[in-house]
Amino acid sequence: MLAQAVEHLIKNIVDFPDDVSVKSHENARGELIRVRVNPEDIGRVIGRSGRTANAVRAVVQALSDHKVRVDIMDVRR
């Protein structure tokens with residue numbers, strides 16, 4: 001559910017929603033959600049001084065009942 005929420009949020013921010021990929025992994029430290037976006041959208045997703053990325057992380061943490069980490073990457077990696 002969290003990965004779907006992140007995907008919905010990110011796709012509504014970017015110019016290239018078809019390039020958005022969200023994958024969720026469970027590890028010993030909690031859940032890890034990896035978000036990949038088009039290189040042209042990375043600045044839009046991170047935002048000025050990381051404000052947009054921090055807002056997405058805050059929303060995800062509010063929806064969750066456990067530790068969740070959100071990593072944002074571009075598609076070149």
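Overview of values
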quantity: Charge dipole of region 1-68 about the Cα centre (unit charges at C-beta), most positive-ward option of His25, Gly47, Leu9; calculated: Gly47
quantity: Dipole magnitude (debye, nearest 20) for region 1-48, charges at Cβ of Lys, Arg, Asp, Glu; calculated: 200
quantity: Cβ-placed point charges (K, R +1; D, E -1), dipole of region 32-71 about Cα centre in debye, nearest 20; calculated: 100
quantity: Selected from Asp15, Asp65, Asp41 as most flexible by GNM, with the chain as the system and alpha-carbon contacts under 10 Å; calculated: Asp65
quantity: Rounded to 10°, Cα long-axis angle of helix 51-63 versus longest principal axis of the chain; calculated: 30
quantity: Trypsin sites (Lys or Arg not before Pro) within region 1-76, DSSP loop, no more than 12 other Cβ atoms inside 10 Å; calculated: Arg29, Lys67, Arg76
quantity: Local electrostatic count at Pro17 - Lys and Arg +1, Asp and Glu -1, tallied over other residues with Cβ under 11 Å; calculated: -4
quantity: Computed label-point distance, nm, for sites Ala62 and Ser21 using a 7 Å Cα→Cβ extension; calculated: 3.0
quantity: Residue-count net charge about Arg51 - beta-carbon cut-off 12 Å; Lys, Arg +1, Asp, Glu -1; calculated: +3
quantity: Mean separation of Cα contacts under 8 Å (6+ apart) over length of the chain, as relative contact order %; calculated: 33
quantity: Within a Gaussian network of the chain (alpha carbon springs, distance under 10 Å), most fluctuating of Asn38, Asn27, Asn54; calculated: Asn27
quantity: Using alpha-carbon coordinates, inclination of helix 2-11 to the longest axis of the chain, degrees; calculated: 20
quantity: In order through region 36-41: 3J(HN,Hα) via Karplus (6.51 cos²θ - 1.76 cosθ + 1.60), integer Hz, x for Gly, Pro; calculated: 10, 10, 4, x, 6, 9
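None of the figures in this text is laboratory data; all of them are computed from the coordinates on show. Here the structure is a predicted model, which means the values were calculated and not measured. Cβ atoms come from the backbone with ideal geometry, glycine included; neighbour counts cover every protein chain shown.
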